[in-house]
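Working notes, structure below.
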Amino acid sequence: MGSSNAAAMAVDTDTNKRAHTEGVVKKRKPLRPSTSRADIYVTRDHRKFNSYMRRARKLLVERNYPSVTIHGLGAAIQTAIKLAAAVKASLGDQVIMDTNTHTVTLYDDVVPQDESADITTQTRQNSAIQIKMSLPSVVRSQIFAKTPR
């Protein structure tokens, strides 16, 4: 009885896998909605972390943006969360954060090895995060009262 359940489970998991494609899969860039200057799209490259940090702080503190939104997709979600936590800590934990997670549909082109066949498109799902950061109006007024214009 135990072995028949294992065999049934193996069949069920095989049906959930993506179909094997013959050819080279070329991943397209993800589609993005129109962006503003207050949007920061994070990659998983940790070498850019300090520049992301400077940009977020500059937009919130020096340029008086009401909010900054940090976007992370797939493997960059961890970097986005670390960035939001670092910005909040650097501003004395006075940042209001609103986090939203969702799933994004990504499209890939499958270029067949046989040149007479057509290029096909396949889809896949990937997790994404948006972290909206803003300073309370009281804190913003204190910062700009101290800043000489």
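The values are calculated or read from the model by the stated rules, or taken from the named source; none is laboratory data. Quick caveat, the model's predicted, so the values are computed rather than measured. As a convention, Cβ positions derive from the backbone with ideal geometry for all residues, glycine included, and neighbour counts pool all protein chains shown. Heads up: the accessible areas ignore ligands, DNA and RNA and are worked out on the full protein's heavy atoms, side chains in. Shrake-Rupley method; radii C 1.70, N 1.55, O 1.52, S 1.80 Å.
What the table below lists for this structure:
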quantity	calculated
Candidate residues His46, His71, His102: accessible-area rank, largest first, probe 1.4 Å	His46, His102, His71
Point-to-point label distance, Ser90-Glu22, nm (Cα→Cβ direction, 7 Å offset)	5.3 nm
Förster-model FRET efficiency, 22 Å R0, Arg57 and Asn100, C-beta, rounded to 0.05	0.50
Nonlocal amide H pairs with Asp39, under 5 Å, H built at 1.01 Å	Thr69
Candidate residues Ile96, Ile40: accessible-area rank, largest first, probe 1.4 Å	Ile96, Ile40
Anchor Lys132: aspartates and glutamates whose Cα lies under 18 Å away (excluding residues fewer than 8 positions away in-chain)	Asp39, Glu62, Asp93, Asp98
Stokes-Einstein D (µm²/s) once Rh is taken as the Kirkwood radius of segment 61-141 over alpha-carbon pairs, at 4 °C in 1.567 mPa s	85 µm²/s
Exposure ranking of Tyr41, Tyr52 by accessible area [1.4 Å probe, largest first]	Tyr41, Tyr52
From phi via Karplus (6.51, -1.76, 1.60), per-residue ³J(HN,Hα) for segment 26-33 in Hz, x at Gly/Pro	10, 7, 7, 5, x, 6, 10, x
